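Structure first, then comments.
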Amino acid sequence: MSVRMSSFLDCLKSKKFLILLAVGVTAFWLSSPVFGYQKAGENRAKNSVRAQLTPVNFTTLSTELAGRISTISVRDGDYFTQNSVLVGLDCSIYQMEMRKALADLQVATANLVAIERLKELNSASELEMGKAIAELARAEAQADVMTATIERCEIHAPFQGRVMDVFVREHQYVAAGDPLIRVLDDRELEVDMLVPSVWLTWIEEGSSFEFNVDELETPYTAVVISIGAYIDPVSQSIRVRGTIQGDFPELMAGMSGTAEFLIPVVDQP
């Protein structure tokens, strides 16, 4: 009987130990800053997520024409100004077609002048007059088409910035629509992050946070400027964008780090 009683007491002690252990782990979990809880008497909690610096303006430039690349004026990492020529195509064939279009325009103009004089002398019909006008309009349209085509032989920078990647080389033949170069504007960067959707109970535009950049091991003060319009139902997260307060030339697109938010919490009794 005493052996059974001893075993029973040992079992109770074991269960009591497990219960105390579970209570302790739960208390530690609830007090963790990750979940927004603090000890009694403290009134702010820290929440953090991974974030990345992304440029506001970036794009991949392609060509609308098929042809051979004649010049590339930039390389990876180079700076450029807005409207500067980044890539040039060999447009000798289009230039010859342009000269032909201008010659046809000149002929059509002279023909219309002649018909108008004959019309004044009653030696030309309305039909001939209308035909001459139509031929002149067609020649003008063809000249405009060739002018627009030749303008597309040069790829201009849409904004001031830097080169991310160059996908082609000089003397390479490219088809219409092929990507040529990827560029970005590094003067304006944003902090891009995915935050838990439950944060919507307190996060808002204007909320301040600290962005700790891994590559520089430096914290920067930032503020939320935009909250996404869609919650991912799988990850239960939403996209948030922020901007760093101040001008820091050492920051580069692609740098990553931790965005830390301080939020008010209710004191626990």
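Readers should treat all values here as calculations from the given coordinates under stated rules, not as data from a laboratory. All values derive from a computational prediction rather than experimental measurement. Note that we place each Cβ from the backbone using ideal geometry, even for glycine, and neighbour counts take in every protein chain shown.
Multiplying each eigenvalue of the alpha-carbon gyration tensor of region 112-269 by 5 and taking the square root yields semi-axes of 62, 22, 15 Å, largest first, rounded to whole angstroms.
Placing a label point 7 Å from the Cα of GLU215 along the Cα-to-Cβ direction, the residues of region 248-263 whose backbone N falls under 17 Å from that point are 248-259. Multiplying the residue separation of PHE248 and ALA148 by 0.36 nm and removing their Cα-Cα distance gives an extension gain of 31.9 nm. Extending 7 Å from Cα along the Cβ direction at GLU97 and again at LEU121 yields two label points whose distance is 3.9 nm.
Taking the inverse of the mean 1/r over every pair of distinct Cα atoms in region 58-184 gives a Kirkwood hydrodynamic radius of 17.1 Å.
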